[in-house]
Amino acid sequence: MSLGTKLRALRTERNLSQTQVAMELDVSQTAYCKWESDQTKPGIDNLLKISEFYETDIYDLLKDEGYTQINKENSVNENSSNNMIQNQTNNYNASEKLIEQYEERIKELQERNQELKDQIDFWKKKANH
(Lines give C-alpha, C1' and ligand atoms only; values in the text may rest on other atoms or scores of the structure.)
Protein backbone atom coordinates (compact mmCIF):
# COMPACT_ATOMS: atom_id res chain seq x y z
CA MET A 1 0.00 0.00 0.00
CA SER A 2 1.46 3.36 -0.99
CA LEU A 3 1.89 6.30 1.36
CA GLY A 4 -0.84 8.21 -0.47
CA THR A 5 -3.29 5.36 -0.11
CA LYS A 6 -2.51 5.15 3.61
CA LEU A 7 -3.03 8.90 4.04
CA ARG A 8 -6.37 8.74 2.25
CA ALA A 9 -7.49 5.79 4.39
CA LEU A 10 -6.46 7.51 7.63
CA ARG A 11 -8.28 10.68 6.62
CA THR A 12 -11.49 9.00 5.49
CA GLU A 13 -11.58 6.79 8.63
CA ARG A 14 -11.84 10.01 10.60
CA ASN A 15 -14.40 11.58 8.22
CA LEU A 16 -12.12 14.53 7.51
CA SER A 17 -11.72 16.52 4.32
CA GLN A 18 -8.36 17.13 2.69
CA THR A 19 -8.78 20.81 3.55
CA GLN A 20 -9.31 20.05 7.24
CA VAL A 21 -6.23 17.85 7.41
CA ALA A 22 -4.14 20.33 5.43
CA MET A 23 -5.12 23.09 7.87
CA GLU A 24 -4.15 20.93 10.85
CA LEU A 25 -0.79 20.12 9.26
CA ASP A 26 -0.26 23.76 8.22
CA VAL A 27 0.14 22.90 4.53
CA SER A 28 -1.88 23.79 1.46
CA GLN A 29 -4.78 21.59 0.41
CA THR A 30 -3.02 21.16 -2.95
CA ALA A 31 0.11 19.80 -1.26
CA TYR A 32 -1.91 17.33 0.80
CA CYS A 33 -3.88 16.25 -2.28
CA LYS A 34 -0.61 15.55 -4.10
CA TRP A 35 0.58 13.42 -1.19
CA GLU A 36 -2.63 11.38 -1.23
CA SER A 37 -2.41 10.86 -4.97
CA ASP A 38 1.29 9.91 -4.73
CA GLN A 39 2.29 12.76 -7.04
CA THR A 40 4.74 14.03 -4.42
CA LYS A 41 6.03 12.86 -1.04
CA PRO A 42 6.00 14.91 2.15
CA GLY A 43 9.34 15.87 3.66
CA ILE A 44 10.50 14.59 7.01
CA ASP A 45 9.06 17.55 8.91
CA ASN A 46 5.62 16.92 7.42
CA LEU A 47 5.91 13.16 7.91
CA LEU A 48 6.44 13.82 11.60
CA LYS A 49 3.40 16.11 11.70
CA ILE A 50 1.33 13.49 9.86
CA SER A 51 2.36 10.69 12.21
CA GLU A 52 1.51 12.84 15.24
CA PHE A 53 -1.80 14.01 13.78
CA TYR A 54 -2.95 10.50 12.91
CA GLU A 55 -1.30 9.04 16.03
CA THR A 56 0.55 6.44 13.99
CA ASP A 57 4.16 5.38 13.80
CA ILE A 58 6.17 7.00 11.04
CA TYR A 59 7.55 3.58 10.06
CA ASP A 60 4.01 2.33 9.49
CA LEU A 61 3.44 5.23 7.11
CA LEU A 62 6.60 4.52 5.14
CA LYS A 63 6.72 0.76 4.98
CA ASP A 64 5.27 -0.95 1.94
CA GLU A 65 2.39 -3.09 3.16
CA GLY A 66 2.73 -5.32 0.11
CA TYR A 67 5.94 -6.76 1.50
CA THR A 68 4.40 -7.91 4.77
CA GLN A 69 1.68 -10.12 3.33
CA ILE A 70 2.07 -13.67 4.57
CA ASN A 71 1.47 -16.66 2.38
CA LYS A 72 -1.14 -18.71 4.25
CA GLU A 73 0.18 -21.95 2.77
CA ASN A 74 3.46 -21.62 4.72
CA SER A 75 3.82 -23.20 8.14
CA VAL A 76 3.32 -21.10 11.27
CA ASN A 77 7.07 -21.05 12.00
CA GLU A 78 7.88 -20.08 8.44
CA ASN A 79 5.29 -17.30 8.59
CA SER A 80 6.77 -15.94 11.80
CA SER A 81 10.31 -16.04 10.45
CA ASN A 82 9.37 -14.53 7.11
CA ASN A 83 7.30 -11.83 8.77
CA MET A 84 10.10 -10.96 11.19
CA ILE A 85 12.67 -10.75 8.39
CA GLN A 86 10.34 -8.68 6.24
CA ASN A 87 9.57 -6.31 9.10
CA GLN A 88 13.30 -5.83 9.69
CA THR A 89 13.77 -5.14 5.98
CA ASN A 90 10.90 -2.65 6.01
CA ASN A 91 12.31 -0.91 9.06
CA TYR A 92 15.71 -0.72 7.36
CA ASN A 93 14.17 0.72 4.17
CA ALA A 94 12.15 3.25 6.18
CA SER A 95 15.28 4.19 8.14
CA GLU A 96 17.21 4.69 4.90
CA LYS A 97 14.47 6.99 3.60
CA LEU A 98 14.48 8.95 6.82
CA ILE A 99 18.26 9.30 6.75
CA GLU A 100 18.12 10.59 3.17
CA GLN A 101 15.43 13.11 4.10
CA TYR A 102 17.31 14.22 7.22
CA GLU A 103 20.52 14.66 5.23
CA GLU A 104 18.69 16.68 2.57
CA ARG A 105 17.07 18.85 5.24
CA ILE A 106 20.42 19.38 7.00
CA LYS A 107 21.99 20.46 3.71
CA GLU A 108 19.14 22.92 3.09
CA LEU A 109 19.50 24.37 6.59
CA GLN A 110 23.28 24.67 6.23
CA GLU A 111 22.81 26.55 2.96
CA ARG A 112 20.23 28.84 4.56
CA ASN A 113 22.54 29.40 7.52
CA GLN A 114 25.35 30.45 5.18
CA GLU A 115 22.98 32.83 3.35
CA LEU A 116 22.05 34.46 6.65
CA LYS A 117 25.71 34.76 7.67
CA ASP A 118 26.46 36.41 4.34
CA GLN A 119 23.61 38.87 4.89
CA ILE A 120 24.89 39.71 8.38
CA ASP A 121 28.37 40.35 6.99
CA PHE A 122 26.93 42.55 4.24
CA TRP A 123 24.94 44.66 6.67
CA LYS A 124 27.85 44.93 9.11
CA LYS A 125 30.08 46.23 6.31
CA LYS A 126 27.40 48.62 5.16
CA ALA A 127 26.89 49.94 8.71
CA ASN A 128 30.64 50.54 9.16
CA HIS A 129 30.93 52.68 6.04
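Label separation (Tyr59 vs Ile120): 3.9 nm, computed from points 7 Å beyond Cα along the C-beta direction.
Which entries in Lys49/Lys107; Lys34/Lys117; Lys6/Lys117; Lys34/Lys107 show an alpha-carbon gap greater than 31 Å? Exceeds cut-off: Lys34/Lys117; Lys6/Lys117.
The heavy atoms of Asp118 offer some 80 square angstrom of accessible surface to a 1.4 angstrom probe. The label-point distance for Asn128 and Met1, in a model that sets each label 7 Å from Cα toward Cβ, rounds to 6.1 nm. Of the trypsin sites (Lys or Arg not before Pro) found in the stretch 1-70, those in coil by DSSP whose Cβ has at most 12 other Cβ atoms within 10 Å are Arg14.
The values are calculated or read from the model by the stated rules, or taken from the named source; none is laboratory data. All values reported here derive from a predicted model rather than from experimental measurement. Positions of Cβ are generated from backbone atoms using ideal geometry, with glycine treated the same way; all protein chains shown enter the neighbour counts. Side chains included, ligands, DNA and RNA excluded: accessible areas come from the protein's heavy atoms. Shrake-Rupley method; radii C 1.70, N 1.55, O 1.52, S 1.80 Å.
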